[in-house]
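The block underneath contains the structure these notes are about, expressed in structure tokens.
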Amino acid sequence: RPPRSTPKPSSAASDVYKRQPIGMIIFVTFVGIGQALLAFSAHDNMKSIVLAIFARFIFGVCGKSVGVTQSAFVSDWFKEKEFAFAMGMTICLARAGTVLNYIISPKIYGATKSLAFSFWFGTLMMGVSLILVMATVLLDQDTEIKGKHKAEKKAEKKEEPVRGNVLCKFSVSFWFVVSCLVGFYMAYLCFVNISVEYAQVRFGFNKEDAGTLASMLHFVAAVTAPVIGLLLDKFGRKTLITFLSCGLI
């Protein structure tokens, strides 16, 4: 799993390539390279902490940019009353993948007693992801053709290149949402990152059971995200939901 605090300089590139196949393919390819390097670093004849850190850096930078680019695709495909539900479904599937990781990874390690093999299994999954990205790109090409005439009508105002000073143009409400997200991740990830070890040390669970228990947090998110998205599309009240969510956390 990529480190959440990894800087994402390639997010600006996501804005440039969000409607071009090369952007998504490059990001996913580098995520796969990062995972492969991590697998190499775990071999008994290697065991390089420097290589492992470098691998996770690549994985983190490009992994989060995949999420940015994915959101750009979704924003183009779904509009207005469909958008929140579509984003909820992407979160649902992402969290479902995390749940499977918590459950399957300890079982793979328990069966093979090889950390490197577990990482190589992750590399295999990244290869599958790359194939799915290529399929997505083909679907998006059709979307681009159908929407080309609409884009031409809106091309009266020339797009400005992405610059650093764009941050100064964001509204106060945007920074409020960002602050809410920062607070959320500070409260949420501090526990999630140690949840497996906590369950083992505090309650005596083995690795597999601790992984299953830790996955419950993501399972709840996977189930509720589409429902909340559907409610937001139907009734709105985004600000109220944000306040309630922060209060519950």
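Taken together, the values in this text are just the output of simple stated rules run on the coordinates, not laboratory data. It should be emphasised that the depicted structure is a prediction, and the values quoted were computed from it without experimental measurement. Using ideal geometry, Cβ is built from the backbone for each residue, glycine included, and neighbour counts are taken over all protein chains shown.
Label points 7 Å out from Cα along the Cβ direction at Ser245 and Gln141: separation in nm?
3.6 nm
Just to check I understand the Karplus step: with θ = phi - 60° and J = 6.51 cos²θ - 1.76 cosθ + 1.60, what whole-Hz values come out for the range 236-241, glycine and proline as x?
Those phi angles translate into x, 6, 4, 5, 4, 4 Hz.
Take the alpha carbon atoms of the range 220-249, find their center, do the same for the range 67-106, and report the distance between the two centers in whole angstrom.
A separation of 15 Å, based on Cα centres.
List the pairs from Lys169/Lys234; Lys64/Lys238; Lys64/Lys113; Lys207/Lys238 whose alpha-carbon separation is above 27 Å, in the order I gave them. Display every interim value, and only then the final one.
Details: Lys169/Lys234 30 Å; Lys64/Lys238 24 Å; Lys64/Lys113 30 Å; Lys207/Lys238 39 Å.
From the list (Lys169/Lys234; Lys64/Lys238; Lys64/Lys113; Lys207/Lys238), the Cα-Cα distance tops 27 Å for Lys169/Lys234; Lys64/Lys113; Lys207/Lys238.
For Thr29 and Arg202, calculate 0.36 nm times their separation in residues minus their Cα-Cα distance, and state this gained length in nm to one decimal. Write out the running numbers ahead of the final one.
Details: separation 173, 0.36 × 173 = 62.28 nm, distance 3.92 nm.
Separation in residues times 0.36 nm, less the Cα-Cα distance, equals 58.4 nm.
Starting at the first residue of the range 192-205, write each ³J(HN,Hα) from the Karplus equation 6.51 cos²θ - 1.76 cosθ + 1.60 with θ = phi - 60°, in whole Hz, x for Gly and Pro.
Once θ is set to phi - 60°, the couplings for the range 192-205 become 4, 5, 10, 4, 5, 5, 4, 5, 6, 6, 6, 10, x, 6 Hz.
If packing is taken as the average number of other Cβ atoms within 10 Å across a peptide's residues, how do 62-68, 100-106 rank, most packed first?
Order by mean packing, descending: 62-68, 100-106.
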